[in-house]
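The values are calculated or read from the model by the stated rules, or taken from the named source; none is laboratory data. No experiment lies behind these values; they were computed from the predicted model shown. Neighbour counts are summed over all protein chains in view; Cβ atoms, including those assigned to glycine, are modelled from backbone coordinates with ideal geometry.
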Amino acid sequence: MASLPGAAFGDEPESFPQCIERLESRAISAGVSSETATEVLASAEYLQQVIELDRRQPEFTTTFADYLNRRVNEQRVTEGRELLEEHRELLDRVTRETGVPAPYLVAFWGLETNFGAYFGKMPVPSSLATLACDQRRSEFFTEQLIAALQIIDEGSIAPEQMEGSWAGAMGHVQFMPTVFLRHAVDGDGDGKRDLWNSLPDAMMSAGNFLEDLGWDGDYRWGREVLLPDEFDYELADGRRMTLEEWRELGVTDAFGNDLADEPIKASLVVPAGHRGPAFLAYGNFGVIMGWNRSEFYAIAVGHLADRIAGAGKLQNPPPEDLPALSRDNILAIQQALNDEGFDTGEPDGIMGPNTRSAIRSYQSENGLVADGYPGDTVLEALDVTL
Ligand code: CA
């Protein structure tokens with residue numbers, strides 16, 4: 001009789017061994033060899049630490065300045081430039097086969113594992129078994145566990161060497177098992193897809209994943225731009241317009257030059273409000289977000305790639321004096337906006353699209369710069385103290 005993970009038979013919750021047994025038959029019916037399923041799952045351990053990491057909620061949001069400065073700094077740029085030269089031949093081959101330019105490949109590598117310095121030390125089969133037997137995201141991690149067993153089955157890695165992050169991201173570019181199964185490739189021709197020990201496999205796989213996500217080799221990720229005075233920040237709401245349309249609104253590149261005459265659409269991203277840098281996000285920006293659904297991440301990849309390719313720092317660096325808001329601060333902002341008739345939905349302490357849109361409307365109606373960012377003036381006007 002099948003049961004949901006963690007579900008009760010009467011008053012009896014499913015034990016870890018019972019869950020493992022259930023996962024084993026599920027893996028076998030998904031096509032994993034019974035030998036691998038039995039052997040690997042028999043030695044899987046319940047890791048309480050993984051559950052604690054999964055439950056961990058940061059108290060404060062990360063500001064864009066803090067996020068970017070930690071990920072794109074002089075040391076990382078210098079190392080990225082050296083590695084670009086050192087692995088030029090391999091990276092050029094990846095570019096020829098996938099269309100993804102070398103600096104982006106190195107940037108992903110840098111952001112994911114500090115260029116292979118840290119892959120994560122958790123035993124992936126045990127981590128994933130633990131999460132698959134936990135109620136919170138059981139189905140997602142069951143799928144990941146089965147994919148991990150299939151990777152072991154194909155002989156890409158020995159089970160005891162399958163290490164990664166607590167959530168199961170693996171190797172130089174931290175692929176989750178399902179991404180590994182669908183997109184990893186053998187870059188060095190030894191018949192295995194080894195994202196831990198083979199840099200050619202890892203780089204070719206990164207390029208292949210980005211190509212599968214729709215990378216357009218003819219264009220950049222986007223670029224930093226300058227906005228004219230009195231700019232209508234409500235346009236930074238995700239809408240996509242042609243570069244010509246942005247140009248007509250007075251948007252220039254970061255040096256004040258006309259935007260290139262390229263037949264593409266872009267959206268405007270203002271990650272730290274109107275006092276911070278502005279970016280036009282091209283199609284490849286969405287591709288990067290297919291790898292990791294975070295605008296901060298996508299900007300960090302793009303900017304690091306630019307720096308590795310020789311560009312300088314941002315013309316307009318993110319302001320470092322913006323407060324890191326706590327969940328309670330965001331709850332208070334959401335409550336205050338709801339009270340004033342600007343609907344943020346059910347207050348949840350998370351700065352999502354509904355909250356940004358409500359802030360934008362509030363700013364607009366109160367004669368403030370409608371950047372959707374809760375800066376000092378918004379906090380004061382809403383009477384929210386940090
Ligand atoms: Ca290989």
Quiz item: Which residues, taken from the range 45-66, are surrounded by fewer than 16 Cβ atoms within 10 Å (Cβ to Cβ) and of a type in the set (S, T, N, Q)?
Solution: Gln48, Gln49, Gln57, Thr62
Quiz item: Given Leu268, Leu259, which one is more than 16 Å from the ligand (Cβ to nearest atom), in contact (Cβ under 8 Å) with a residue 12 or more places away in the chain, assigned by TED's automatic domain parsing to the domain that holds Thr98 and surrounded by fewer than 22 Cβ atoms within 10 Å (Cβ to Cβ)?
Solution: Leu259
Quiz prompt | Residue in the range 162-173 that is under 22 Å from Ser29 (Cβ atoms) and touching a residue at least 60 places away in the same chain (Cβ under 8 Å) present | solution = no
Practice problem: Answer yes or no: is there a residue in the range 326-347 that is modelled with pLDDT under 95, in contact with a helix residue (DSSP H, G or I) (Cβ under 7 Å, 6 or more places away or on another chain) and within 25 Å of Glu112 (Cα to Cα). | Solution: no
Quiz item: Among the residues of the range 179-223, which ones are among the hydroxyl-bearing types (Ser, Thr, Tyr) and more than 8 Å from the ligand (Cβ to nearest atom)?
Solution: Ser205, Tyr219
Quiz item: Would the range 48-57 turn up any residue that is within 26 Å of Val185 (Cβ to Cβ), free of Cβ contacts under 8 Å to residues at least 12 places away in the same chain, out of contact with any Asp or Glu (no Cβ under 9 Å at 6 or more places or on another chain) and among the basic types (Lys, Arg)?
Solution: no
Self-check item: Residue satisfying condition, being over 30 Å from Leu47 (Cα atoms), in the same structural domain as Ala107 (by TED's automatic domain parsing) and over 22 Å from the mean Cα position of the chain (by Cα), within set Arg220, Arg247
Solution: Arg247
Self-check item: Residue satisfying condition, being modelled with pLDDT of 95 or more, closer than 30 Å to Glu248 by Cβ and among the β-branched types (Val, Ile, Thr), within set Val225, Val179
Solution: Val225
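This table checks each residue for (1) at pLDDT below 95; (2) among the small types (Gly, Ala, Ser); (3) under 23 Å from the mean Cα position of the chain (by Cα).
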site: Glu82; (1), (2), (3): no, no, no
site: Arg93; (1), (2), (3): no, no, no
site: Thr98; (1), (2), (3): no, no, yes
site: Ala102; (1), (2), (3): no, yes, yes
site: Gly110; (1), (2), (3): no, yes, yes
site: Asn114; (1), (2), (3): no, no, yes
site: Tyr118; (1), (2), (3): no, no, yes
Self-check item: Filter result for the condition that a residue is out of contact with any Phe, Trp or Tyr (no Cβ under 9 Å at 6 or more places or on another chain), more than 26 Å from Ser326 (Cα to Cα) and surrounded by 14 or more Cβ atoms within 10 Å (Cβ to Cβ), over Ala30, Ala42
Solution: Ala30
Exercise. Kindly provide the set of residues from the range 127-165 that are surrounded by fewer than 20 Cβ atoms within 10 Å (Cβ to Cβ), assigned to a helix (DSSP H, G or I) and of a type in the set (Gly, Ala, Ser), ordered by number.
Key: Ser138
Quiz prompt | Residue among Glu211, Glu224 that alone is assigned to a helix (DSSP H, G or I) and within 23 Å of His303 (Cβ to Cβ) | solution = Glu211
Quiz item: Do we have any residue at all in the range 313-326 that's assigned to a helix (DSSP H, G or I) and buried (at least 16 other Cβ atoms within 10 Å of the Cβ)?
Solution: no
Quiz item: Can you spot a residue in the range 17-35 that is at pLDDT below 95 and of a type in the set (Gly, Ala, Ser)?
Solution: no
Practice problem: For the range 173-192, indicate whether the set of residues that are within 23 Å of the chain's Cα centre (by Cα), part of a helix (DSSP H, G or I) and surrounded by 24 or more Cβ atoms within 10 Å (Cβ to Cβ) is non-empty. | Solution: yes
Quiz item: Quick one: which of Ala336, Ala300 is among the hydrophobic types (A, V, I, L, M, F, W, C) and over 21 Å from Ala281 (Cβ atoms)?
Solution: Ala336
Quiz prompt | For Glu320: the one exception among (1) out of contact with any Gly (no Cβ under 9 Å at 6 or more places or on another chain); (2) at pLDDT 95 or above | solution = (2)
Quiz item: Which one of these does Leu227 not meet: (1) under 20 Å from Pro318 (Cβ atoms); (2) touching a helix residue (DSSP H, G or I) at 6+ places or on another chain (Cβ under 7 Å); (3) aliphatic (A, V, I, L, M)?
Solution: (2)
Quiz item: Which pairs have Cβ atoms under 6 Å, sit 6 or more apart or on different chains, and link a residue in the range 16-39 that is closer than 13 Å to Glu143 by Cα to one that is surrounded by 14 or more Cβ atoms within 10 Å (Cβ to Cβ) and not small (Gly, Ala, Ser)?
Solution: Glu24/Leu41; Ala27/Ile146; Ala27/Leu149; Ala30/Ile146; Val32/Leu149; Val32/Gln150; Val32/Asp153
